Amino acid sequence: MRTTTNGTKRHTVVDSPYGPLTLVATDGVLSGLYMTGQRHRPVEESFGARVAPADEPFPEVVRQLTAYFAGELTEFALPLRLEGTDFQRSVWEQLARIPYGRTWSYGELAARLGKPSASRAVGLANGKNPVGIIVPCHRVIGASGGMTGYGGGVDRKVRLLAFESGERGLTAPHADLMERLYE
């Protein structure tokens, strides 16, 4: 991952089981994946010209997202160009290490960064992740296992975690997820 502050941007919108996803590229490299209603979503005007999903670099992003949503891909292999502070980028790099179907707490993530008392700062950086799903910020939960905030909405977080655990819907085996959601 590298930082950029300028560059030519363009975007496309694709459907997903979690609603439309806006994919943004800066200088031909994926720099954003935003859900509708997402907290910290940049204004639409900052995404650049809208292009077709078939325009570069989006075909490979769409292919990998399609495979992920089909349950055929558990780890993305895409070049990313992420804007953020050094600390934010270090958090996002750790997020990418959380295994598919697993969760880490904010405290665990802070400890892995060598900053065990920085769980609040880790949470703030997690919330500013510009490439949700691909950089799996949904896999971070509260210390007690609770479903804490998620920029894409806690409902989507629960659904993504249920999906990754092998459940395609929230049924009885995920009642504990729902209980933690409403603690």
* From the phi of every residue in segment 101-109, what ³J(HN,Hα) in whole Hz does the Karplus formula 6.51 cos²θ - 1.76 cosθ + 1.60 yield, where θ is phi - 60° and glycine or proline is x? -> x, 10, 10, 10, 7, 4, x, 5, 5
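Rounding to the nearest 20 debye, state how big the charge dipole of segment 9-69 is about its Cα centre with +1 on each Lys and Arg Cβ and -1 on each Asp and Glu Cβ.
Details: 6 positive and 7 negative charges, 37 e Å.
Here the size comes out at about 180 debye.
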* How big is the gap, in Å, between the Cα center of segment 115-133 and the Cα center of segment 50-113? -> 14 Å
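Contour minus end-to-end for Thr66 and Ser46, with contour as 0.36 nm per residue of separation and end-to-end as the Cα-Cα distance? Working shown, then result.
Values: separation 20, 0.36 × 20 = 7.20 nm, distance 2.55 nm.
Extra length from Thr66 to Ser46 when fully extended: 4.6 nm.
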* Structure fact -> Here segment 129-143 yields Karplus 3J(HN,Hα) values (6.51, -1.76, 1.60; θ = phi - 60°; whole Hz; Gly and Pro given as x) of 3, x, 10, x, 6, 5, 9, x, 5, 5, 8, 9, 10, x, 4
* Asked: Long-range amide H contacts for Ile141: which residues qualify at under 5 Å (H placed 1.01 Å from N, peptide plane, sequence gap of 5 or more or a different chain)?
  -> Trp104, Ser105, Tyr106
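Laboratory data are not the source of any read-out in this text; all were calculated from the coordinates shown. Note that this is a predicted model, so its numbers are computed, not measured. Cβ atoms come from the backbone with ideal geometry, glycine included; neighbour counts cover every protein chain shown.
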